[in-house]
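The values are calculated or read from the model by the stated rules, or taken from the named source; none is laboratory data. Here the structure is a predicted model, which means the values were calculated and not measured. Ideal geometry is used to build each Cβ from the backbone, glycine not excepted, and the neighbour counts take in all protein chains shown. Only protein heavy atoms, including side chains, enter the accessible area calculation; ligands, DNA and RNA are left aside. Shrake-Rupley method; radii C 1.70, N 1.55, O 1.52, S 1.80 Å.
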Amino acid sequence: MNEQTLTPEQRTANLKGMGTSRKRVEDVRFTQGKGNYVDDIKMDGMLFGDFVRSPYAHARVKNIDTSAAAAVPGVVAVLTAADLEPLGLHWMPTLAGDKQMVLADGKVLFQGQEVAYVIAEDRYIAADAAELVEVDYEELPVVVDPFKALEPDAPVLREDIAGNMEGAHGPRKHNNHIFTWEQGDKDATEAVLAEADVVAEEMVYYHRTHPCPLETCGCVASMDKVTGKLTLYGTFQAPHAIRTVVSLISGLAEHNIRVISPDIGGGFGNKVGAYSGYVCSVVASIVTGKPVKWVEDRMENLMSTAFARDYWMQGKIAATKEGKITGLWCHTTADHGGFDACADPTKFPAGFMNICTGSYDIPTAYLTVDGVYTNKAPGGVAYRCSFRVTEAAYFIERMIEILAIRLNMDAAELRRINFIRADQFPYQSALGWEYDSGDYHTAWDKAMKAVGYDGLRAEQAQQLADFNAGKTRKLMGIGLTHFTEIVGAGPVKNCDILGLGMFDSCEIRIHPTGSAIARLGTISQGQGHATTFAQIIASEIGIPADDITLEEGDTDTAPYGLGTYGSRSTPVAGAATAMAGRKIRAKAQMIAAYLLEVHDDDVEFDVDRFVVTGAPERFKTMKEIAFAAYNQAIPGIEPGLEAVSYYDPPNMTYPFGAYVCVLDIDVDTGEADIRSFYALDDCGTRINPMIIEGQVHGGLTEALAIAMGQEIAYDDMGNVKTGTLMDFFWPTAWETPNYQTDWTTTPSPHHPIGAKGVGESPNVGGVPCFSNAVHDAFRSFGLTQSHMPHDHWRIWKTANGLGLHG
Amino acid sequence: MIPAGFEYHRPTDIGAALSILQEHGDEARVIAGGHSLIPMMKLRMADIGHLVDLQDIGELRGIATDGGTAVIGAMVTQHELITHDGLASAIPLIREASLQIADPQVRYLGTIGGNVANGDPGNDMPGLMQCLDAQFELTGPDGSRTVPARAFYEAAYFTARDDEEILARIHIPIPGAGTGYAYEKQKRKIGDYATAASAVLISVQGGSCSAASIAMTNLADTPIWAAAAAAALVGSSLDDAARSAAVAAAVEAIDPVSDNRGPVEFKKHVAGVVLRRAIDRAASRAS
Ligand SMILES: Cc1cc2nc3c(=O)[nH]c(=O)nc-3n(C[C@H](O)[C@H](O)[C@H](O)COP(=O)(O)OP(=O)(O)OC[C@H]3O[C@@H](n4cnc5c(N)ncnc54)[C@H](O)[C@@H]3O)c2cc1C
């Protein structure tokens, strides 16, 4: 067979383009232990940094004596805030418009805060010397409860801004208050609530947890004093933004900084922000002229780098007697810890919490969020979700269940009668978003049919009867969720981080022999970009995916982009990839027409070639066209075949899904046993079904963790109680149930290939689904709300409170 | 998570190990599988100048089940306890309990000696050994002595073993044929220590319980051998009232503390549930 005889189907299959379950090219190195992570980087003369951290959650730092540590053989230097101050680097700006101490400047605000940085010839010496730094603390009253933080006589945590009542996001009403964010129509919503047939009200708490990626945060900073260039390797989800931030805060010219994100062992939002470790390592390298490595250990990761959630969401939902929702009200108290270091687009201090009307046609809504300082670690990052979308989804999916209880209605039916209908898209939500597309009823009905919903309810009723008759001690719960995400931040007109518009980019170069390299402004942390983005290019320009190298993460070579988080890579960089591919295809068309001696309009694209219209035997393959681009002088066309696209999306994308979880609860031990989990995801056009399935499995497992046990818990003194993996719940294969995945396809109308992003959906939809299942098991005993995580003792406490222990 | 510096010793017989212990006193500590000790060192909760590795001491290995007693070397791993068929048929309770400890990776290295000598109330084997009425053979500079498991534990991390003694072997009377057994453990996930666990042995003769032994794990600062609970079963027909009385007596004997696994009230309740299930299973196996 040759170029002539292959059918279009065979040629399409050879490309391994979109829609193919192409195997992940990354896995060849990962499964052989040949990945190259930050901690694998070794350089001549490399030094190691280690932190002295505060054992107290709130204390004045009266004195730091570094002399004993500095005297240890092999210790090069010990940095404190006093050393950084002359450089103006003892504080750094946060992504949320606040500032944060790099090293304790007179006080500490959370347990685990960085106090001093020891630089030594190896990490063992650094760890030993860190023990010898003597810090004189004077303990201060600790505030771990955000509501207490706002009481009139609460201790002032942030003395640096005490009395300054104008914050980065408007007025502050208390010294421990950060911002108030207000969306929607207050008066109209209050009027609806006042007149409604039914109003259900509840406090819904989404507890503090942590992304806890397998690889912790770290970096290697290397200042070349001869060239004046700084190379910074790190676990960065946004390498280009980090380069700009380093330039702005260090004063080094941006062209003299090269940031490289090598392989990253999971990010989940933990690796978006800038940390003291990066700043101190850069300073240490500049001062010593040697490379300096810093890598967190697990406890440091859990205690000090960005946490997630910690939202107290007071909700009111109004409806008619028949269950038609008429209004939604939400006031959130957001615990941000000691500094506001959330990683949200600048204009969204509470992220996209205003997606909290969910999948429902709610005509009137009002949302306020109060950000609060407490003596906890800073963060508030989007752990496997777009900014605060998981909080929003949890909130609305709990409120729907609570409303169903109030109305004595089936929760599946209540959802169905309130879904935004397919014909309402694009849909303008009451809290300001334009949902691009969706078909919720189709997805929901497919899900209900797949799980045999009515049968499940009958089985549940039987089990309940058996329970009441003393035949079993297990209750069956059916958890439902229909979530709508908002991902792909985002349009530059309203999305930026530190003033950097949230576009993204792709550059494609076709080599003379017809293979290619593509570089993007994003960075994979396990998502499989090298596999999927090559598939987009393969389909767009007809070069086999296997002939395309994909690179990300080196700011000296990749085009500028805002990085990978918030499911933005496919919606934004994936769109840029398609657009860059189309530019190449347009030029290839002109070259083909020249070679075939016809007019540009007389050739058409056919899988991997341009064909003369009406004469299928006359064509030029992309391989031939690529070679011609480099060896022929074509009048009016520049040599070469490459293109770059910077894509500013016109809108976000709105993936959605319908999930059903069935579990059994042992009321005596509080154990929950997941029987089954069905996940239908609609992420628009599906680029690689196998990768989608993998992402869904991973996200659901993280959702299981969060819903069923994972938390960052503090005691009243601000001590972290869950600082190791013995107590911070990471499910093993044993605890992980089987998942049944499914899909519908509703392409995004504004995205060049109709794709929406999927990596975070399972976490956004999974958490409420597991939680709703637990709640549902107790519904007939009168439970309306019990807070996550649903670990054994909390479930037991619920059962006990409902009188189920006799 | 980097331990402080230490010297590493690897003697090949007990005598050599003992002299290193004597030479360095407080500064020295033996290491077996390291799966309790190394985490403590990494957390810098244990600062040990001299680590004496017992891996190369052959006389601390091996399992024998001849006669009426099983003799298990201190360096026998939990994995070996599970895979030794002779032991499994002599004392099936040991396999059932060992399979509920940690995960296979930990069990490949973790030893029975380390588990019982450690003195951590979270360890499963101390309670198991009390239930089985094991005897611990300790070898020190002045020779050997034997301490019953039921008299070994004084407080968390405090045992009857002297600093200069090494636990050499564990002697366990093999329960009579037909003894019912069960190890029941509630934990938050694989690899977690017990929220509550209990070991139960029950013998029956002519329809009534002739002997019983009950021990509870991670419900006080030492394992609890609940003599009163066992006594509530002995002589009964193992009827519901007797089982409930045994549970009540055991719950009375424990003294759990509140931690991330839950508050005291919850732990007491779960201890009762776990014990009741263990009694039920052991009774169903007794013949
Ligand atoms: C993730 C994880 C989960 C775990 N889960 C469980 C669990 O569910 N249940 C459970 O019971 N255990 C659990 N463990 C502990 C594990 O079983 C350990 O292996 C065991 O507690 C100690 O055995 P070791 O051989 O590793 O002892 P080491 O850690 O080497 O030593 C422990 C202590 O005993 C002393 N010691 C050891 N051998 C002797 C000897 N022969 N004579 C005198 N002193 C000695 C040491 O000096 C040290 O103080 C877990 C461990 C891990 C890491």
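Listed values, structure above:
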| item | result |
| --- | --- |
| Residues of segment A:612-629 satisfying the condition of being within 42 Å of the chain's Cα centre (by Cα) and open to solvent by 90 Å² or more (accessible area, probe 1.4 Å) | A:Lys623, A:Phe627 |
| Top-ranked residue of segment B:58-88 - restricted to ones that are acidic (Asp, Glu) and within 13 Å of the ligand (Cβ to nearest atom), ranked as nearest to the other protein chains (Cβ to nearest Cβ) | B:Glu80 |
| Selected residue [at positive phi and in contact (Cβ under 8 Å) with a residue 24 or more places away in the chain] from A:Gly265, A:Gly277, A:Gly273, A:Gly184 | A:Gly184 |
| Qualifying residue in segment B:3-13 (condition: near the ligand (Cβ under 8 Å from one of its atoms), within 14 Å of chain A (Cβ to nearest Cβ) and buried (at least 19 other Cβ atoms within 10 Å of the Cβ)) | no |
| Odd one out for A:Ala588, checked against (1) under 37 Å from the mean Cα position of the chain (by Cα); (2) surrounded by 20 or more Cβ atoms within 10 Å (Cβ to Cβ) | (1) |
| Segment A:84-112 - residue that is assigned to a helix (DSSP H, G or I) and without any contact (Cβ under 8 Å) to a residue 24 or more places away in the chain and, of those, nearest to A:Ala306 (Cα to Cα) | A:Glu85 |
| Any chance A:Arg609 is more than 21 Å from the chain's Cα centre (by Cα) and touching a residue at least 24 places away in the same chain (Cβ under 8 Å) | yes |
| Criterion violated by A:His697 - all others in (1) modelled with pLDDT of 95 or more; (2) surrounded by 19 or more Cβ atoms within 10 Å (Cβ to Cβ) satisfied | (2) |
| Pair list, Cβ under 7 Å, 6 or more apart: segment B:66-86 residue open to solvent by less than 10 Å² (accessible area, probe 1.4 Å) and at pLDDT 95 or above, other residue away from the ligand (no atom under 11 Å from the Cβ) and part of a helix (DSSP H, G or I) | B:Ala70/B:Leu87; B:Ala70/B:Ala90; B:Leu81/B:Leu87; B:Leu81/B:Ile94; B:Leu81/B:Arg95 |
| Criterion violated by B:Pro126 - all others in (1) over 17 Å from B:Gly191 (Cα atoms); (2) within 11 Å of the ligand (Cβ to nearest atom); (3) part of a loop (DSSP other than H, G, I, E, B) satisfied | (3) |
| Scan of segment B:239-285 for residues that are surrounded by 22 or more Cβ atoms within 10 Å (Cβ to Cβ), away from every other protein chain (no Cβ under 13 Å) and more than 20 Å from the chain's Cα centre (by Cα), ordered by number | B:Ala246 |
| Single residue of segment B:18-57 satisfying the filter (near the ligand (Cβ under 9 Å from one of its atoms) and small (Gly, Ala, Ser)) that is surrounded by the most Cβ atoms within 10 Å (Cβ to Cβ) | B:Ala32 |
| Some residue of segment A:351-361 being open to solvent by 20 Å² or more (accessible area, probe 1.4 Å) and touching a strand residue (DSSP E or B) at 6+ places or on another chain (Cβ under 9 Å) | yes |
| Matching residues in segment A:154-199 - criterion: being in contact with a helix residue (DSSP H, G or I) (Cβ under 6 Å, 6 or more places away or on another chain) and part of a strand (DSSP E or B) | A:Gln183, A:Val198, A:Val199 |
| Segment A:597-606: number of residues that are open to solvent by 10 Å² or more (accessible area, probe 1.4 Å), without any contact (Cβ under 8 Å) to a residue 60 or more places away in the chain and either among the acidic types (Asp, Glu) or closer than 24 Å to A:Thr5 by Cβ (or both) | 6 |
| Residues that are within 11 Å of chain B (Cβ to nearest Cβ) and in contact with an Asp or Glu (Cβ under 7 Å, 6 or more places away or on another chain), drawn from segment A:763-804 | A:Pro789, A:His792 |
| Selection count where residues are surrounded by fewer than 24 Cβ atoms within 10 Å (Cβ to Cβ) and basic (Lys, Arg), scope segment A:294-319 | 2 |
| Qualifying residue in segment B:158-170 (condition: away from the ligand (no atom under 13 Å from the Cβ) and open to solvent by less than 20 Å² (accessible area, probe 1.4 Å)) | no |
| Residues that are within 9 Å of the ligand (Cβ to nearest atom), open to solvent by 40 Å² or more (accessible area, probe 1.4 Å) and away from chain A (no Cβ under 14 Å), drawn from segment B:89-113 | B:Leu109 |
| Single unsatisfied condition, B:Tyr157 versus (1) of a type in the set (Phe, Trp, Tyr); (2) touching a helix residue (DSSP H, G or I) at 6+ places or on another chain (Cβ under 6 Å); (3) outside the structural domain of B:Pro263 (by TED's automatic domain parsing) | (2) |
| Residue check, A:Ala458 open to solvent by less than 10 Å² (accessible area, probe 1.4 Å) and over 20 Å from the mean Cα position of the chain (by Cα) | no |
| Which listed residue, of A:Ala628, A:Ala672, is hydrophobic (A, V, I, L, M, F, W, C) and in contact with a His (Cβ under 9 Å, 6 or more places away or on another chain) | A:Ala672 |
| Meets criteria (open to solvent by 10 Å² or more (accessible area, probe 1.4 Å) and of a type outside the set (Asp, Glu)) for A:Gly490 | no |
| Those residues of segment A:714-732 which are more than 8 Å from every other protein chain (Cβ to nearest Cβ) and open to solvent by 80 Å² or more (accessible area, probe 1.4 Å), in sequence order | A:Asp716, A:Met717 |
| Filter pass, B:Ala220 being surrounded by fewer than 24 Cβ atoms within 10 Å (Cβ to Cβ) and more than 14 Å from chain A (Cβ to nearest Cβ) | yes |
| Unique residue being within 24 Å of B:Val274 (Cα to Cα) and either assigned to a loop (DSSP other than H, G, I, E, B) or at pLDDT 95 or above (or both) when the list is B:Ala177, B:Ala212 | B:Ala212 |
| Total residues in segment A:94-126, condition within 11 Å of chain B (Cβ to nearest Cβ), open to solvent by 10 Å² or more (accessible area, probe 1.4 Å) and not hydroxyl-bearing (Ser, Thr, Tyr) | 3 |
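To keep it simple, each residue is scored yes or no on (1) among the charged types (D, E, K, R); (2) free of Cβ contacts under 8 Å to residues at least 12 places away in the same chain; (3) part of a helix (DSSP H, G or I); (4) open to solvent by less than 30 Å² (accessible area, probe 1.4 Å).
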residue	(1), (2), (3), (4)
B:Asp120	yes, no, no, no
B:Gln130	no, no, yes, yes
B:Arg150	yes, no, yes, no
B:Glu154	yes, no, no, no
